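Notes to accompany the following structure.
The values are calculated or read from the model by the stated rules, or taken from the named source; none is laboratory data. All values derive from a computational prediction rather than experimental measurement. Note that we place each Cβ from the backbone using ideal geometry, even for glycine, and neighbour counts take in every protein chain shown.
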Amino acid sequence: MFFLNIRRVGAGSSRWFSSAGVQLAKKRGQAAKEAAEVDLVDVSGYVKQATERFQQTLELHKKRLGQMKVGKPDAKMFDELAVGNEKQKFTELAATSVKGKNMLIVTVFDPKDTKRVASAIVGAGLNVNTERVLENQQQLKISLPPVTTETRERLCRDLKKVFEEYKNSANRNSLGHVRSEVLKELKKLDKKNDSVRKVIQDIENLHKEYTSMLQEQLKHAEKSAMK
C-alpha cells in the first residue's frame, strides 16, 4: 500500500507596527508552514479500482460474445442491447421468446418503441433482420439464417468487431477507456513520486494482462463459431 503526502498551506494576513513585529511575523509564518495540513492519498486504491473495472469489462465482453451464436435461437440473445440514443436496456422495452427451431419473437411493450427496438437489433452486429408481425404491430419476427461456412465467417468478423469495441473505443466499459480514466486521475498527483510512478506502471501491466484475456475470449468464441 502506497501513500502520497499532499501538503496544503493556509494563507493569512496581519498588520505589524515595528521591525520586531515583522521578525515575529516571519517566524510565525515559518511555523505555520511546518505545521501545514498533510493529506494521505492511498494511491494503491487506483490499482484496485482499475482491476475491478477491467474485470467488469471482461465479463461484459464474454457475455456479449456468448450471445452471438450461429443458428441457435436464444431468448436472451438481445437482453444486453442498448436501445436508442438514451441507451435504454432492451429488457425494459421488450421481451423475447423462441418460436420453432430458428425463429425469435420480440414483443415490444409500447408500440411507439417498436421501431427503435428493431433498429437496435439490426445494428447490433448479430447478422439478423427484423420483420413486423402483421396482426400485431408490437411484435417483431426474427428468422435466424441457415448455418453455412459464409455465415460462420461473417460471425467471426462480427465477433472481432465486438472485441475491438471492448478493447479500445469510446465505450465507457472498454479497457482503453478505463485505463485512460484511471491514469488521468493518477497524473493529477505528483508524477515524480516513486509510489505514483509504480502504481502507473502497475495499471499499464494490468491493462496488458486484461487485453490478453480479452483476446483469449475472442479466440474461444471464434473456435466455437467455426465448429
Of (1) within 30 Å of residue 172 (Cα to Cα); (2) in a strand (DSSP E or B), residue 120 satisfies every one except (2)
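Residues 83, 162, 108: which one is surrounded by 15 or more Cβ atoms within 10 Å (Cβ to Cβ) and either among the hydroxyl-bearing types (Ser, Thr, Tyr) or touching a residue at least 60 places away in the same chain (Cβ under 8 Å) (or both)?
On the way: 83 fails: either among the hydroxyl-bearing types (Ser, Thr, Tyr) or touching a residue at least 60 places away in the same chain (Cβ under 8 Å) (or both); 108 fails: either among the hydroxyl-bearing types (Ser, Thr, Tyr) or touching a residue at least 60 places away in the same chain (Cβ under 8 Å) (or both).
Going through 83, 162, 108 in turn, the sole match is 162.
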Within segment 59-78, of all residues that are within 17 Å of the chain's Cα centre (by Cα) and without any contact (Cβ under 8 Å) to a residue 24 or more places away in the chain, the one nearest to residue 121 (Cα to Cα) is 63
Of the candidates 115, 101, the one satisfying the condition of being out of contact with any helix residue (DSSP H, G or I) (no Cβ under 9 Å at 6 or more places or on another chain) and assigned to a loop (DSSP other than H, G, I, E, B) is 101
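Specify which of the listed residues (125, 176) is on the phi > 0 side of the Ramachandran plot and not polar (S, T, N, Q). Steps first, please.
Values: 176 fails: on the phi > 0 side of the Ramachandran plot.
Only one candidate passes the filter, namely 125.
Test residue 134 against the criterion of being on the phi < 0 side of the Ramachandran plot, buried (at least 19 other Cβ atoms within 10 Å of the Cβ) and not assigned by TED's automatic domain parsing to the domain that holds residue 217, and give yes or no. I'd like the intermediate steps shown before the answer.
Working: on the phi < 0 side of the Ramachandran plot: yes; buried (at least 19 other Cβ atoms within 10 Å of the Cβ): no; not assigned by TED's automatic domain parsing to the domain that holds residue 217: yes.
Against the criterion (on the phi < 0 side of the Ramachandran plot, buried (at least 19 other Cβ atoms within 10 Å of the Cβ) and not assigned by TED's automatic domain parsing to the domain that holds residue 217), residue 134 does not qualify.
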Residue 73: passes all of (1) modelled with pLDDT of 90 or more; (2) buried (at least 18 other Cβ atoms within 10 Å of the Cβ); (3) assigned to a loop (DSSP other than H, G, I, E, B) but (1)
- Query: under 30 Å from residue 102 (Cα atoms) and touching an Asp or Glu at 6+ places or on another chain (Cβ under 7 Å): does that describe residue 159?
  - Reply: yes
In segment 166-212, anything within 16 Å of residue 64 (Cα to Cα), crowded, with 17+ Cβ neighbours inside 10 Å and charged (D, E, K, R) is listed as 167
Per the filter on segment 139-158, residues at pLDDT 95 or above and in contact with a helix residue (DSSP H, G or I) (Cβ under 6 Å, 6 or more places away or on another chain) are 140
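How do the helices (runs of 4 or more DSSP H) wholly within segment 131-227 filter down when requiring 1 or more residues that are over 21 Å from residue 63 (Cα atoms) and touching a Leu at 6+ places or on another chain (Cβ under 8 Å): which remain? Spell out how you get there, then give the answer.
Values: elements: 149-167, 175-186, 194-225.
Answer list for segment 131-227: 194-225.
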